[in-house]
Amino acid sequence: MPRFPALLGLALTLPAAFAAPALPPIGYRVQLDVVSEGFDGKTCWFHPRAGAIPGPTPTVVLTMQEWNVKRSDVFYPVASRTSSDLGATWSPITVHADTLGRHRVDAAREEGICDFTPKWHAGSGRLLGTGHTVFYQNDVLVPVRPRHTVWSVYDPAARTWTPWAKLAMPDLPRFANAGAGSTQRVDLPNGDILLPVYAKEMAAKAYFSTVVRCRFDGRELRYVEHGTELTSDIDRGLYEPSLARLGNRFFLTLRNDQAAYVARSADGLNFEAPRRWTFDDGTDLGSYNTQAHWVMHADGLFLTYTRRGADNDNVARHRAPLFLARVDPDRLVVLRATEQVVVPNRGAQLGNFAVVDVSERETWITSSEGMGPGNPARFGANGRVYAARVLWDRPNSGWNQH
């Protein structure tokens with residue numbers, strides 16, 4: 001497959017006479033709910049991500065993991081809780097240690113999973129979660145390690161998940177460290193899945209990102225092919241990709257250590273060269289070394305992200321507040337005038353978050369207060385898990401096909 005290096009993608013400010021026409025407005029309001037809160041000084045809930053099972057009132061399944069705040073990327077088994085009344089009440093937390101926990105590899109090392117994201121798969125009528133593997137030695141992250149994309153299926157009757165399984169990828173050195181952690185996927189009308197992953201050779205520094213077309217029959221997830229391999233020679237390359245579809249075009253947002261990037265495609269596999277995210281006035285978005293994700297409406301495209309320059313030097317990597325803004329899909333820019341805060345800055349990082357379409361009227365952005373490094377509590381953080389509910393003023397047609 002072709003490999004495209006990331007381009008700088010400088011944007012120019014257009015004179016007023018040549019300014020792009022305004023996009024048709026999409027009305028909404030944001031309701032911020034606190035799902036839970038409380039911090040014991042040792043662990044906090046991290047990676048809160050939800051999937052919605054359709055119904056007259058959808059069932060929302062929220063997954064998350066405990067993070068050891070004193071250690072880098074040390075996560076414990078995936079847990080979940082459910083709501084059948086749009087977040088008014090939640091079931092008790094169930095920790096899935098047997099199915100979504102760690103496996104002992106040898107006397108010192110364990111293999112577990114993290115960065116898990118559930119999403120409804122209409123073709124099979126299943127809630128399918130994807131993530132990737134991680135290795136620990138004596139409960140410390142192993143720096144040079146293999147990585148695999150993993151998947152699991154939710155059982156709504158038992159409120160549990162099947163044991164995580166690995167997605168078989170091409171037996172090539174560049175897929176030795178390949179995973180779908182913290183990514184957004186797109187499911188096609190025929191049931192095929194476009195799953196973004198990022199990968200590298202075992203000892204390489206820089207990742208490339210690509211979209212894998214998969215098939216899922218309700219029991220097994222299988223690789224079919226993958227598309228353009230997007231990379232950069234800047235630090236760790238391009239990773240943690242998230243995919244969205246608007247009409248007949250696909251959009252990929254990508255993490256880089258110095259800036260956020262975006263790329264566009266006509267088929268979801270073959271992408272144009274990526275460019276740096278900017279505002280519509282030509283200035284850099286200011287998001288770096290963290291995730292960005294898409295909020296979709298049938299009539300428009302939105303990006304949710306964190307960035308520097310928001311009176312937020314008190315937060316690690318400027319990962320709060322969490323913003324939402326409209327995207328111009330033709331110019332591939334963020335419309336500055338539409339930017340609004342959806343989760344406030346209380347001193348804790350909010351950068352590990354996710355988006356779920358709950359119904360044609362609601363899209364949720366789920367995040368949590370990461371209680372490290374430093375002392376976020378002195379700014380008001382308390383380990384809160386949030387659901388920022390985007391309430392659309394008109395139906396989001398095709399909401400379960402994004």
Quick note on M296, M371, M202, ordering by fewest other C-beta atoms within 10 Å, gives M202, M296, M371
Considering the options V144, L243, L391, tell which one lies farthest towards the positive end of the dipole of the chain, charges being +1 on Lys and Arg and -1 on Asp and Glu at the Cβ, about the Cα centre. V144
Tabulate in residue order the Karplus-calculated ³J(HN,Hα) for region 27-33, using 6.51 cos²θ - 1.76 cosθ + 1.60 with θ = phi - 60°, rounded to whole Hz; enter x for Gly and Pro. x, 6, 10, 10, 10, 9, 10
In terms of Cα to Cα distance under 27 Å, which lysines are near enough to K166, apart from those fewer than 8 places away along the same chain? K119, K200, K205
Looking at the chain as a GNM with Cα springs under 10 Å, which of R245, R104, R307 has the largest mean-square fluctuation? R104
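What is the local net charge at R49, summed over the other residues whose Cβ is closer than 11 Å to its Cβ (Lys, Arg +1; Asp, Glu -1)?
Summing Lys and Arg as +1 and Asp and Glu as -1 gives 0.
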Proxy reagent accessibility, fewest Cβ within 10 Å first, across Y198, Y386: Y386, Y198
Using alpha-carbon positions, what is the distance between the centroids of region 110-166 and region 173-243, in Å? 15
How big is the charge dipole of the chain about its Cα centre, in debye rounded to the nearest 20, if each Lys and Arg gets +1 on its Cβ and each Asp and Glu gets -1 on its Cβ? 320
Let a ≥ b ≥ c be the square roots of the eigenvalues of the Cα gyration tensor of region 99-139; is it rounded (a/c under 1.5), or, if not, prolate (a/b larger than b/c) or oblate? prolate
Debye equation applied to the C-alpha atoms of region 30-396, log10 I(q)/I(0) at 0.11, 0.13 Å⁻¹: -0.70, -1.03
Label point 7 Å out from R336 along Cα-to-Cβ: which residues of region 268-308 have amide N under 16 Å? 277-287, 307-308
Please work out how much length the chain gains when fully extended from A310 to R222, using 0.36 nm per residue of separation minus the C-alpha to C-alpha distance, in nm with one decimal. 27.4 nm
Of A168, A50, A325, the most mobile residue in a GNM of the chain (C-alpha springs, cutoff 10 Å) is A168
What shape does region 182-251 take by its C-alpha gyration tensor, where a ≥ b ≥ c are the square roots of the eigenvalues and a/c under 1.5 counts as rounded, a/b above b/c as prolate, and the rest as oblate? oblate
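Please give the net charge around W151, taking every other residue with its beta carbon less than 15 angstrom from that of W151, where Lys and Arg add +1 and Asp and Glu add -1. Can you show the working numbers first?
Working: positive: R49, K119, R126, R147, K166, R185, R213, R215, R219, R222; negative: D115, D155, D187, D192, D217, E220.
Cβ neighbours under 15 Å give a net charge of +4.
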Please check which bits of region 358-402 a label hung off I93 would reach, taking the label as a point 7 Å along Cα-to-C-beta and the cut-off as backbone N under 16 Å. 367-372, 382-387
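Here, each number is a calculation from the coordinates, and none is a lab measurement. Since the model is a prediction, treat every value here as computed from it, not as a measurement. Note: ideal-geometry Cβ built from the backbone for every residue, glycine included; neighbour counts use all protein chains shown.
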